[in-house]
Amino acid sequence: MIKIDITDSGVQQALNRLANAGTSLHPALREIGEFLVDSTRQRFATSTAPDGTRWAPNTETTILMYLGRYKGSFSKRGGRLTKKGAGRASGKRPLIGETGDLSRQISYKIEGNDTLYIGSSMIYAATQQFGAKRREFQGKAPWGDIPARPFLGLSDSDRSTILDIIGNFLR
């Protein structure tokens, strides 16, 4: 399991005010968790990190492997890319496969009354978040360098929405 601690002082202070008001944090954390799941999934649609930077594009090798799964991507004579294959290649976004498993496996968990976790149960989630060097794992995988494509974390917009959620509970 990977762990990323987000220690945003503004969010921490707002949560402390809510806790000091004698209110259970659980309902607010549940709403924040649901919001962050949606916000994180949106990053897959836009191929952007929480800080707004674009994810590294797919490598040629990744695109060729992806196209190899589909009949009609290459011509039978000469093995050239077909029009259909070119369309598939141009539409292939980083971290989005045929099933979109990683983007669909974002979830949250509340532990106790004061801890919110958000992440993915997919075994390769950490590799996608932080990247990996070729053969980094026991000298075998991955088959090539994988650039970091952060999907977990808070954007400025996320922080603002979280503060609004907490503010609604304080009212």
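Across the stretch 30-171, how many lysine pairs, 8 or more apart or on two chains, come within less than 30 Å at their alpha-carbon atoms?
10
Of the labelled options [x] 42, 20, 13; [y] 38, 18, 12; [z] 40, 17, 13, which one gives semi-axes √(5λ) of the Cα gyration tensor in Å as computed for this structure?
Entry [z].
Add -39500 (n - 2.57) for each DSSP H run of 4 or more in the chain, then divide by its residues: what number comes out at 222 nm, to the nearest 500 deg cm²/dmol?
Estimated from H runs of four or more residues: -13000 deg cm²/dmol.
When the accessible area of the stretch 1-73 is computed with all protein chains present and a 1.4 Å probe, what percentage of it is carbon and sulfur?
51 percent
Which of the helices in the chain, when you take each full DSSP H run, stretch at least 27 Å along the axis at their Cα atoms and have an average Kyte-Doolittle score of -0.5 or higher?
26-46
If I take every Cα pair under 8 Å that is 6 or more residues apart in the chain, average their sequence separation and divide by the length, what percent do I get for the relative contact order?
31 percent
The values are calculated or read from the model by the stated rules, or taken from the named source; none is laboratory data. As the structure is a prediction and not an experimental result, all values here were calculated from the model. We work out accessible area using only protein heavy atoms, side chains counted, and drop any ligands, DNA or RNA first. Shrake-Rupley method; radii C 1.70, N 1.55, O 1.52, S 1.80 Å.
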